[in-house]
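This report concerns only the one structure given below.
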2 protein chains.
Amino acid sequence: MTAIDFQTTPEQYRHWQLKLDGAVATLALAVDPSGGLRPGYELKLNSYDLSVDIELNDAIQRLRFAHPEVHTVILTSAHEQVFCAGANIGMLQGASHAHKVNFCKFTNETRLALEDASAHSGQKYMCAINGACAGGGYELALATEHLVLIDDGAASVSLPELPLLAVLPGTGGLTRLVDKRGVRRDRADFFCTVEEGVRGKRALKWRLVDAIVPRSKWQDEVAARAAQLAADSDRPAQGTGIDFPPLERQIGENQIDYGLVNCTIDRTLRAAHITVRAPASAPPSDLATIYNEGAAYWPLAMARELEDLILHLRFNESEIGTWLMRTEGAAEFVTAVDTALAAHANDWLIREITLYIKRTLKRLDLSARSIFALIEPGSCFTGTLLELALAADRSYMLDGAFEDDNRAPATICMSATANNGLYPMANGLSRLHSRFNGDNMALAAAEEVIDDELTGLEAEELGLVTFAPDDIDWEDETRIAIEQRAAFSPDALTGMEASLRFAGPETMESKIFSRLSAWQNWIFQRPNAVGAEGTLKLYGSGKRPQFDKERA
Amino acid sequence: MTAIDFQTTPEQYRHWQLKLDGAVATLALAVDPSGGLRPGYELKLNSYDLSVDIELNDAIQRLRFAHPEVHTVILTSAHEQVFCAGANIGMLQGASHAHKVNFCKFTNETRLALEDASAHSGQKYMCAINGACAGGGYELALATEHLVLIDDGAASVSLPELPLLAVLPGTGGLTRLVDKRGVRRDRADFFCTVEEGVRGKRALKWRLVDAIVPRSKWQDEVAARAAQLAADSDRPAQGTGIDFPPLERQIGENQIDYGLVNCTIDRTLRAAHITVRAPASAPPSDLATIYNEGAAYWPLAMARELEDLILHLRFNESEIGTWLMRTEGAAEFVTAVDTALAAHANDWLIREITLYIKRTLKRLDLSARSIFALIEPGSCFTGTLLELALAADRSYMLDGAFEDDNRAPATICMSATANNGLYPMANGLSRLHSRFNGDNMALAAAEEVIDDELTGLEAEELGLVTFAPDDIDWEDETRIAIEQRAAFSPDALTGMEASLRFAGPETMESKIFSRLSAWQNWIFQRPNAVGAEGTLKLYGSGKRPQFDKERA
């Protein structure tokens, strides 16, 4: 099967119309029915598959970076009558379990990226629901900060997944209803069992939307509300944005190379060796040069490449169960980048870059792969790049040097700017705080040595790495760990890692991933949904599903 | 198959030895290998099935109520060398998915009941791990507040579920490691992949246990630590406890009758009509009479009966998917009970009674059944019994009276003592707060009318009930809702309800149920665990499982 590619450009969009008008941009959904990722289903009624979301993800990213002047983004439909029918059922019928799970994860990340823009970028998303808005369509709307529903006696919002398909809304709908919008749980219960959804005044009263507007006032009212949301923004009123040129990459059978990130796949070990390289030379410290470098500026280029690799491996290399993270290059250049990011934290572009790194690191946390960091001489696990090790399920750090290797022993280094809250996880904590959750003494000891270069033994003693074997043990110890990982059940590993990675508090975001997603995955496996007599198999056949009536 | 019965007495225990010695009680696990609930497996090495947990649950309850003088409970093993091998694998191999899920839920509730005793009853649990402590055995230990491990070079703690069985520790182990004990996530990752577990100093250093003690000092040290824990207790040093006589109940084919609770099963609608009755006469207000009534005191008797019914329906009536909750009797007697519970809140027995009601209501929240409250004339949804309606997924309240029924229209009534924090849900919030999560205006409006008797329309307007149909609509509206519920996929309903019931914050407890359990349920369905070539099917056969290597 052709590999799924997450790179696209607005010129290539088949499903979205992007209109720019000063402070307000409009993204109108106009799904090309024949534009699906795979043959075998038609994307009718603005229903979507991954191809639609790949474009949405691209549009959200570009709006943030290329258009500082855009302060509000209106999501709407290019069709009258139909806003969006949600995920395409034909696609779901044909998709493997792993694809369904991966698809839901990516769409969830996209919706959270949109909420991240509203919350942190001064670019507020609102949704102008100009027609029937069902399932994943309504979940997309729920991810915006302001929902306006056309009040024409016909348009409704609905989550018909349960009555129609015997599955759950898979992109955060249930959680956002009760946790984000404060919809009462009993109303949410009713709403989620009514296939036809809720319209007009009840939708407003039940907090399912923020406003209802008659057709006669629609355009004006939507524009007025968009302008009002835009007024609060702290983004610049004008300015030059950053364009994203196509990523330079070469994808071979077992080798994926970008400029700063590369990956070698070991199919025997079912492991991907991923290396992230520090800037090759001293990075700029002044804004003018940074703007001038644009997409080539190291942290931005690194985030784009790493993100693309993560998505590629998730979707196209599903049997490669272990990701081995290495870094390479001059730690002082990574530190110089972190210093510049901190110095210009109030600049809108710098803010976007750190938010992008944050989201990319979150993708790592949420990847259903075992992640080991391998910290060796020549590496630069410092500041922003140390997050790669802190995101890992385990880290192995060589204490000392390899025989016949005259490079200095590896050190790691925490920075107060990069490792202490700049890149929070889905649970709202830094990776450092998550790591020491419940052990405040260990946390305090680690915080004492921020900015120090730590050897393997020091890092191990402080709890910043898992193990620090020496040259004699390194090879065996890491090899056994990697081999062992390949021998375990992938499902059990996924469940274990999802449980151990997120100690501490939960947020709406972590609830969506670790709770709603787990339930949805369960339901996606159950005979009532995917069995021969299940809803997904029989949908469209005219036959009624036969349910196993047992409650579990 | 014989119905599973949750009632037992210490005289009937086959698996636990209870020893009382002043302030310290010892519960020693001595599983009878042939004492399992079903034929076909042997409970070797102190491994357990539900029968072991039914006794543990009974013992925990009785220790709280019958023994005010017990301030510390030591969990240990009656065998040298083996503490507990965890859930019996033969049992898991033969069990249906629904039974496995139900079993895990009940064992989780039992472990939380033990934590509840430590936290709120002045009865601290500690664990004296005197031999190999694996899987569910270690998870049981993790539920205690103090873990002492014998340091004999052999005894270890372990969570071998993933390497051995390709499933997760199912009773909170992963969550308790990182969230309760602050075990670092990377150490937890390592620990959970090492079949043989961790012993001695490393177990201590990694916070897997609180102390290690050599065999020579074992008895003395365990006793000393138990005495120390007991010293902090606020339970009385002596006093008369409450014995639990056998529940009087009659279980017929479609009818289950207790003294205060009864249940009629409608197999066509797959619904259970559950009615809880108020005290038949004015309840006592003074402690002496309450003590004298003992287990017959209304709130205690009601909690015991309701709990037994919940467990019976969960395990023995798995196709009865909807529970319809009604109450009956004099609201003023319910209020009088609530007043007495509040007046004597500092008494250890009254505290136990409210904690028991709390745990029973939590069982309701956690039941994988649709719960509707039907509020009709003659009902008494007030205070403690109003929690039954607030726990429901929906509530229907008749506005006005039925034709030809001269009873007064139903009212409901919130009480500040019972509905505002006395019975928190797993998320730590009252049901009232969970209901209005995110809608502080609605919450404030509801709090204004605490103690008022509210009609159907008033309750609906305030958001305390879902719908308040009148006599004309009642029959159709409730019937359609119940029929509809029976037509939906049971799995999807379970996932939806689990997602909507717990708005707001998460706690360790809610994480265990809504996150870890969902992952475990998923894994319990996957071919790698339960397929023809999966671990559970092949365990003990000498064959190695063949895993689908795809990561999802």
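Just one of A:SER499, A:SER489, A:SER434 is more than 30 Å from B:GLY504 (Cα to Cα) and facing chain B (nearest Cβ under 8 Å); which is it? Working first, answer last.
Working: A:SER499 fails: more than 30 Å from B:GLY504 (Cα to Cα); A:SER434 fails: more than 30 Å from B:GLY504 (Cα to Cα).
Answer to the selection: A:SER489.
Each residue in segment A:131-164 was checked for being more than 8 Å from every other protein chain (Cβ to nearest Cβ) and over 23 Å from the mean Cα position of the chain (by Cα), and 16 of them qualify. Of the strands (runs of 3 or more DSSP E) lying entirely inside segment B:32-149, those containing at least 1 residues that are closer than 19 Å to B:ARG207 by Cα and small (Gly, Ala, Ser) span B:124-129, B:131-134. How many residues does segment A:213-235 contain that are more than 31 Å from the chain's Cα centre (by Cα) and outside any helix (DSSP H, G or I)? Residues meeting the conditions: 2. In the set (1) within 29 Å of the chain's Cα centre (by Cα); (2) assigned to a helix (DSSP H, G or I); (3) closer than 25 Å to A:ALA468 by Cα, the condition left unmet by A:LYS511 is number (3).
Taking segment A:474-513 as the search range and keeping residues that are without any contact (Cβ under 8 Å) to a residue 24 or more places away in the chain and touching an Asp or Glu at 6+ places or on another chain (Cβ under 9 Å), which one is surrounded by the most Cβ atoms within 10 Å (Cβ to Cβ)?
In the first step, residues of segment A:474-513 are kept if they are without any contact (Cβ under 8 Å) to a residue 24 or more places away in the chain; the result is A:475-476, A:479-480, A:484, A:487-489, A:491-492, A:495-496, A:499.
Keeping just the survivors that are touching an Asp or Glu at 6+ places or on another chain (Cβ under 9 Å) gives A:489, A:491-492, A:496.
Working: A:SER489: 25, A:ASP491: 31, A:ALA492: 26, A:MET496: 28.
Across segment A:474-513, the extreme among qualifying residues is A:ASP491.
For B:ARG551, the criteria (1) under 22 Å from A:ALA492 (Cα atoms); (2) in contact (Cβ under 8 Å) with a residue 60 or more places away in the chain; (3) assigned to a loop (DSSP other than H, G, I, E, B) hold in every case but one, which is (2). Out of (1) more than 12 Å from the chain's Cα centre (by Cα); (2) more than 21 Å from A:ASP5 (Cβ to Cβ); (3) crowded, with 20+ Cβ neighbours inside 10 Å, the odd one out for A:HIS120 is which? Among (1) more than 12 Å from the chain's Cα centre (by Cα); (2) more than 21 Å from A:ASP5 (Cβ to Cβ); (3) crowded, with 20+ Cβ neighbours inside 10 Å, A:HIS120 violates only (3).
Within segment A:173-184, can you find the residues that are open to solvent by less than 10 Å² (accessible area, probe 1.4 Å), in contact with a helix residue (DSSP H, G or I) (Cβ under 6 Å, 6 or more places away or on another chain) and either outside any helix (DSSP H, G or I) or farther than 17 Å from A:ALA134 by Cα (or both)?
Let us first name the residues in segment A:173-184 that are open to solvent by less than 10 Å² (accessible area, probe 1.4 Å), namely A:173-178, A:182-183.
Next cut, in contact with a helix residue (DSSP H, G or I) (Cβ under 6 Å, 6 or more places away or on another chain) only: A:173-178, A:183.
A:VAL178, A:VAL183, listed by residue number.
When residues in segment B:410-431 are screened for being farther than 23 Å from B:ALA303 by Cβ and either within 14 Å of chain A (Cβ to nearest Cβ) or in contact with a Pro (Cβ under 6 Å, 6 or more places away or on another chain) (or both), 1 of them pass. Scanning segment B:340-398 for residues that are within 25 Å of B:VAL465 (Cα to Cα) and either part of a strand (DSSP E or B) or of a type outside the set (A, V, I, L, M, F, W, C) (or both) yields a total of 28. The number of residues in segment B:64-95 that are open to solvent by 30 Å² or more (accessible area, probe 1.4 Å), of a type in the set (A, V, I, L, M, F, W, C) and farther than 20 Å from B:GLU196 by Cα comes to 1. Does segment A:396-415 contain at least one residue that is open to solvent by 10 Å² or more (accessible area, probe 1.4 Å), over 20 Å from A:PHE106 (Cα atoms) and within 25 Å of the chain's Cα centre (by Cα)? Looking for residues that are open to solvent by 10 Å² or more (accessible area, probe 1.4 Å), over 20 Å from A:PHE106 (Cα atoms) and within 25 Å of the chain's Cα centre (by Cα), one finds at least one in segment A:396-415, hence yes.
Matching residues to (1) more than 14 Å from chain A (Cβ to nearest Cβ); (2) touching a residue at least 12 places away in the same chain (Cβ under 8 Å); (3) touching a Leu at 6+ places or on another chain (Cβ under 7 Å):
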position	(1), (2), (3)
B:LEU174	no, yes, yes
B:VAL194	no, yes, no
B:GLY197	yes, yes, no
B:ASP220	yes, no, no
B:ASP234	yes, yes, no
B:TYR258	yes, yes, yes
B:CYS263	yes, yes, yes
B:LEU269	no, yes, no
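Tally the residues that are in contact with a Ser or Thr (Cβ under 9 Å, 6 or more places away or on another chain) and open to solvent by less than 20 Å² (accessible area, probe 1.4 Å), restricting the search to segment A:527-548. Result for segment A:527-548: 4.
In the set (1) away from chain A (no Cβ under 12 Å); (2) without any contact (Cβ under 8 Å) to a residue 24 or more places away in the chain, B:ASP471 fails one condition alone, (2).
The values are calculated or read from the model by the stated rules, or taken from the named source; none is laboratory data. This is a predicted model, so every value here is computed, not measured. Because the Cβ atoms are built from the backbone with ideal geometry, glycine has one as well, and the counts that use them run over all protein chains shown. Calculation scope for accessible area: heavy atoms of the full protein, side chains included, ligands and nucleic acids excluded. Shrake-Rupley method; radii C 1.70, N 1.55, O 1.52, S 1.80 Å.
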